[in-house]
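In what follows, a single structure is set out as structure tokens and then discussed.
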Amino acid sequence: PVRDDFTSLGSFGTVDQVAQMTILPKGEIAGIEGTESDMLKSESKKTGYFFDYTIKTQGQPKRHFRTIFSLVPGATGGAGSVLVTVTAQTSETKYSALKSMFDEIIGSYEFLKK
């Protein structure tokens, strides 16, 4: 759950601000040196922030990620919402073969309103 005054994703910042604070510095957040991140696309649409990015960690293959951040009403129906994140990932070498499946999965996301 998030604070009651966080009523929309905009409460966390713009899609670009959220990307800069949470998506791109994953290596720094985890305390891993030698990590390179590249945001390919970020956009606000439907009811979420959508991110398409790659991360290369030293000694590991480059990974391709597709992530959604969404704020949905709390399960109890009371005050407060829940931040939901969905991420799909694969190695960059396999991404072109899986891209259409990733597009379908990410494109199908929507939360159900009660």
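The values are calculated or read from the model by the stated rules, or taken from the named source; none is laboratory data. Since this is a predicted model, take the numbers as computed values, not measurements. Neighbour counts are summed over all protein chains in view; Cβ atoms, including those assigned to glycine, are modelled from backbone coordinates with ideal geometry. With ligands, DNA and RNA removed, areas are computed over all heavy atoms of the protein, side chains included. Shrake-Rupley method; radii C 1.70, N 1.55, O 1.52, S 1.80 Å.
The table for this structure:
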{"read-out": "Heavy atoms of LYS41 accessible to a 1.4 Å probe, total area in Å² rounded to 10", "value": "110 Å²"}
{"read-out": "Positive-end residue, the chain charge dipole about Cα centroid, Cβ charges, pick of GLN20, THR85, ILE105", "value": "ILE105"}
{"read-out": "Quotient of C-alpha Rg and 2.2 N^0.38 Å, computed over region 1-106", "value": "1.17"}
{"read-out": "Listed residues SER70, SER44, SER100, most fluctuating in the chain (Gaussian network, C-alpha, under 10 Å)", "value": "SER100"}
{"read-out": "Accessible surface of the chain, 1.4 Å probe, proportion on carbon and sulfur as whole %", "value": "54 percent"}
{"read-out": "In Å², nearest 10: area of MET101 left accessible to a 1.4 Å probe", "value": "90 Å²"}
{"read-out": "In degrees, nearest ten, helix 92-107 long axis to first principal axis of the chain (Cα)", "value": "20 degrees"}
{"read-out": "Range in the chain, longest, excluding exposed GluC sites (Glu not before Pro) [loop by DSSP; at most 16 other beta-carbon atoms within 10 Å]", "value": "34-109"}
{"read-out": "Dipole magnitude of region 1-100 about its Cα centre (Cβ charges: Lys, Arg +1; Asp, Glu -1), debye to nearest 20", "value": "420 debye"}
{"read-out": "In the chain, lysine pairs with alpha-carbon atoms under 30 angstrom apart (chain gap of 8 or more, or interchain)", "value": "29"}
